[in-house]
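What follows is calculated from the coordinates using simple rules that are stated; it is not laboratory data. Since we're looking at a predicted model, the values are computed, not measured. So basically every Cβ, Gly included, is an ideal-geometry build from the backbone, and we count neighbours across all protein chains shown.
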Amino acid sequence: MKRFHQAKWYEPLIFEMGYTNRRGFYVPFLDKTLKLGLDLKKLIPKELLRRNPPNLPEVSEGKVVRHYTRLSQINFGVDNGFYPLGSCTMKYNPKVNDAVVNSNKVHFIHPHQEESTVQGALEIMYTLSEWFSEITGMHRFTLQPSAGAHGEFIGTLIMRAFHKERGELDTREEIIIPDSAHGTNLASAAMSGFKVVVVPSNEKGCVNLEALKSVVSDRTCGLMLTNPNTLGLFEENILEISQIIHDVGGLLYYDGANLNAIVCKIKPGDMGFDIVHLNLHKTFSTPHGGGGPGAGPVGVVEELDPFLPIPRVEFDGKRFYLDYNHPQSIGSVGGFYGNFEIIVRAFTYILSMGISGLNKIAEFSVLNANYLAHKISEIKGFNLAYGMNRLRKHEFVISCSRLKVDTGVTAKHVAKRMLDYGIHAPTIYFPPIVDEALMIEPTETESIEELNRYVEIFSQISKEAYMNPKIILEAPHNTSIKALDEVKASHPRTMCLSWRMYKKQQKINTM
Ligand SMILES: Cc1ncc(COP(=O)(O)O)c(C=O)c1O
């Protein structure tokens, strides 16, 4: 087993590195201006002048480059190695997509530019929306939402607008969500002012139809569902589920976080869904794991078209333009037209994959997940949640409860020990219906060698747990940062998210 050691740098914050008046970049024009004794403030248009200059660190260019290179070395990303973080679809993203996004034509356009000067950008947005409609079976898309959760929120606002239009909003106050759902589904429904009704899963890990029938009524606004679900199981009764919801006048929302498993094989529209969000930062080539910028476009069936956000990108046969004239729209839901660079990355990805490439995504992601699920569940201490008798789609959930009973090693310990072998940990303790859960999503971009290495690591960890659990209980050993104090790391009182917060805290500590 190859050993892994992450770089170790005791790196200060960039704010702690600067010296007064040290500069990283000289602008010749400014230097000349200062030498001539001209007042810079008079040269800058008033509306662009800041009242207070930003508090930036004063560091040289070399220092900045070294600082961020070192930080990157104590980080882990999908370009470093295997990253099977369940439900996050951390696939390898081809660099050609970044090259296009980083071109000046994309990088330097501005949302305030005249429409005639951004026809190419508008065409990209228009075309991508059409492709998404084709992929999902929806009528029309908005690209504005910035994340999956944002898409869900907008989707539930559209549900609201639809029932309001029909004069039923006062009574339709419940959104039904399965107990295997992602937490954002519940949060989005609640944020839009709905009551959440949770339906339990059955013994097969799918929606319990009898339970569903017992909770639907004329109070039902709709149902939110991801298919395949978070156990990686396809909801085979989806058509019946859709019928049950539509029969009581509700709408069906598709959480597209798991689209990677079905893209170009089956359309959510054909399953009966009325609203769909896609996570471009999963299926369409932007990494998801670190919480960076994303995009969660929302598509709807024709009946819900009037409620989509504005502006829309339209084409009149000659030119592309922004259309604000939709009085029933829920309004604008993001800065300008969405995260344009993420949109361009998805556009490039789809173009470069072509139909034949897109067709392979689901095939290989499902193959890889099932290969791993079978191999790992043969290893002592690990069991495939909800049994071996059904194929998984793109991901699967392993329970470590046997391992915990036998050795005291929990899912969290297994995840931390994984880091010592130079791979990212799986998602843990999710979905909450599985005891000691490890949720694993290998994606389509990993080779058989990488998958076999992963299986070897599981075998090794199993051996360690049964023979020498201490090594796992104290892991990680080979990473730049050892086990964190998790309470401290996530408590709002101790978490420092900005330099200003850090300074404030230092002040409090020295008082
Ligand atoms: C099943 C599921 N739904 C929704 C989301 C929310 O997506 P986002 O993180 O883009 O807000 C996630 C995120 O991982 C997810 O896995």
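Extension gain for the segment Thr20 to Asp485, taken as residue separation times 0.36 nm less the Cα-Cα distance, is 163.9 nm to one decimal.
Between Glu314 and Leu48, the FRET efficiency from the beta-carbon distance, with R0 = 25 Å, is close to 0.15. Pairs of Lys residues in the range 278-435, spaced 8 or more positions apart or belonging to different chains, with C-alpha separations under 27 angstrom: 20 in total.
Report Rg(Cα)/(2.2 N^0.38 Å) for the chain, keeping two decimals. Write down the numbers at each step before the final one.
Working: Rg = 25.5 Å, N = 511, 2.2 N^0.38 = 23.5 Å.
Against the compact-globule rule of thumb, the ratio is 1.08.
Which order results if Thr69, Thr348, Thr445 are arranged by neighbouring Cβ count within 10 Å, fewest first? Let's see the in-between values first.
Working: Thr69 11, Thr348 21, Thr445 18.
Neighbour counts put them in this order, fewest first: Thr69, Thr445, Thr348.
R0 = 30 Å: FRET efficiency of Glu123 with Asp270, Cβ-based, nearest 0.05?
Working: r = 28 Å, r/R0 = 0.94.
After rounding, the FRET efficiency stands at 0.60.
Computed from backbone phi, the HN-Hα couplings of the range 91-108 come to 7, 6, 9, x, 6, 4, 5, 5, 4, 5, 4, 7, 5, 4, 4, 8, 5, 9 Hz, rounded to whole numbers (Karplus: 6.51 cos²θ - 1.76 cosθ + 1.60, θ = phi - 60°; Gly and Pro given as x). Here each label is just a point 7 Å from Cα along the line to Cβ, and for Ala99 and Tyr68 those points are 2.1 nm apart.
In percent, rounded to a whole number, the relative contact order of the chain is 19, using alpha-carbon pairs under 8 Å and six or more apart.
Within a straight-line Cα-Cα reach of under 23 Å, Lys42 can be paired with the following lysines, leaving aside sequence neighbours fewer than 8 residues apart in one chain: Lys32.
Please report, in debye to the nearest 20, how large the charge dipole of the range 70-203 is about its Cα centre when each Lys and Arg carries +1 at its beta carbon and each Asp and Glu carries -1 there.
Working: 10 positive and 15 negative charges, 67 e Å.
It works out to roughly 320 debye.
Working ranking of peptides 150-163, 473-486, 387-400, 128-141 by packing, defined as the average number of other Cβ atoms within 10 Å per residue, highest first, is 150-163, 387-400, 128-141, 473-486.
Tell me, Kirkwood radius of the range 425-487 from alpha-carbon pair distances, in Å? Display every interim value, and only then the final one.
Numbers: mean 1/r = 0.0716 Å⁻¹.
For the range 425-487, the Kirkwood estimate is 14.0 Å.
Fewest neighbouring Cβ atoms within 10 Å first, the residues Glu436, Glu47 line up as Glu47, Glu436.
Suppose only helical runs count, i.e. DSSP H with n ≥ 4. What mean residue ellipticity at 222 nm does that imply for the chain under -39500 (n - 2.57) per run, divided by all residues and rounded to the nearest 500 deg cm²/dmol?
Working: 17 runs with 194 residues, N = 511.
After summing the helix terms and dividing by the residues of the chain, the value is -11500 deg cm²/dmol.
For Val197, the amide hydrogen comes within under 5 Å of the amide hydrogens of Ile175, Ile176, Ile177, counting only partners 5 or more places away or on other chains and with H modelled in the peptide plane. Working from label points 7 Å from Cα in the Cα-to-Cβ sense, the Gln505 to Thr33 distance is 3.8 nm. Name the residue farthest towards the positive end of the dipole of the chain from the options Met159, Pro57, Gly357, assuming +1 on Cβ of Lys and Arg, -1 on Cβ of Asp and Glu, about the Cα centre. Result: Pro57.
Here's the picture: charge each Lys and Arg Cβ at +1 and each Asp and Glu Cβ at -1 in the range 472-511, and of Leu473, Thr494, Gln506 the one pushed furthest to the positive end of that dipole is Gln506. Approximating the spin labels as points 7 Å out from Cα along Cα→Cβ, the Leu322-to-Asn80 distance works out to 3.9 nm. A Förster distance of 22 Å, applied to the separation of the beta-carbon atoms of Ala190 and Glu168, puts the FRET efficiency at 0.65. Given +1 at the Cβ of Lys and Arg, -1 at the Cβ of Asp and Glu and no other charges, the dipole of the chain around its Cα centre is 2680 debye to the nearest 20.
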